[in-house]
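The values are calculated or read from the model by the stated rules, or taken from the named source; none is laboratory data. None of these values were measured; they are calculated from a predicted model. Cβ coordinates were reconstructed from backbone atoms using ideal geometry, including for glycine residues, and neighbour counts include every protein chain displayed. Only protein heavy atoms, including side chains, enter the accessible area calculation; ligands, DNA and RNA are left aside. Shrake-Rupley method; radii C 1.70, N 1.55, O 1.52, S 1.80 Å.
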Amino acid sequence: MTDMTENRGGESETAATRRSPLAKRGGGDPGSRGRTTIADGVVEKIAGLAARDVDGVHAMGSGLSRTFGAVRDRVPGGQKSGVTRGVKAEVGEVQAALDLEIVVVYGVSIADVARDVRENVITAVERMTGLEVVEVNIAVSDVKLPDEEEEEPERRIQ
C-alpha cells in the first residue's frame with residue numbers, strides 16, 4: 001500500500017497538492033525572498049529626528065556646521081538636510097553605528113540628556129529599520145546659554 005490516495009481526477013493527493021494555487025511557491029516565507037538595504041542617510045534622518053525629540057537638546061552639530069547648514073538650507077538643491085546635521089551613521093546588513101554631535105541647553109544634566117538621546121535613537125532606529133544599533137557615540141559640542149542669540153547668518157536679500 002502507498003500513502004497516496006486517489007482524488008476524483010485519478011491523481012495522487014501529493015501531485016494535486018503540488019499544483020494547487022495555495023501551495024507555497026519559491027520556497028520559504030515570502031518576506032525572506034530578496035534583500036532589503038537601508039542607506040546611511042535614512043538611518044541618519046531617523047536618528048536626527050529622535051535626538052531632537054529629547055528635552056535638553058538645543059541643536060545638532062557644531063556651531064560652524066550649523067552656520068554652514070543654515071546657509072546651505074537656503075540654497076536650492078543644498079545636499080544635506082538640516083535633519084541629518086550632526087549625525088553620521090555607518091550601516092551594515094544587520095547592524096548600525098551612529099555618531100551624534102549635540103548642543104545642550106544650559107542647566108540640564110549632560111549625562112542625563114546623553115543617556116536619553118542614546119535610548120531614544122536606539123529605540124527609533126531599531127523599531128523602524130530592524131537593524132541592531134551597536135553603538136551611539138555622543139559628542140556635546142556646545143551649551144546654549146539663555147542670553148545667547150541664535151546663530152543665524154544675516155540674510156543678504158530681503
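Observations
- The residues of the range 122-148 include none that are out of contact with any helix residue (DSSP H, G or I) (no Cβ under 7 Å at 6 or more places or on another chain), closer than 12 Å to A97 by Cβ and in a loop (DSSP other than H, G, I, E, B).
- Of all residues making up the range 85-124, the number that are crowded, with 23+ Cβ neighbours inside 10 Å and under 24 Å from T36 (Cβ atoms): 5
- In the set (1) at pLDDT below 95; (2) of a type outside the set (A, V, I, L, M, F, W, C); (3) closer than 30 Å to G31 by Cβ; (4) open to solvent by less than 50 Å² (accessible area, probe 1.4 Å), the condition left unmet by T129 is number (1).
- Total residues in the range 45-72, condition part of a helix (DSSP H, G or I) and modelled with pLDDT of 95 or more: 8
- Looking only at the range 103-121, residues that are β-branched (V, I, T) and touching a helix residue (DSSP H, G or I) at 6+ places or on another chain (Cβ under 6 Å) come to 3 in all.
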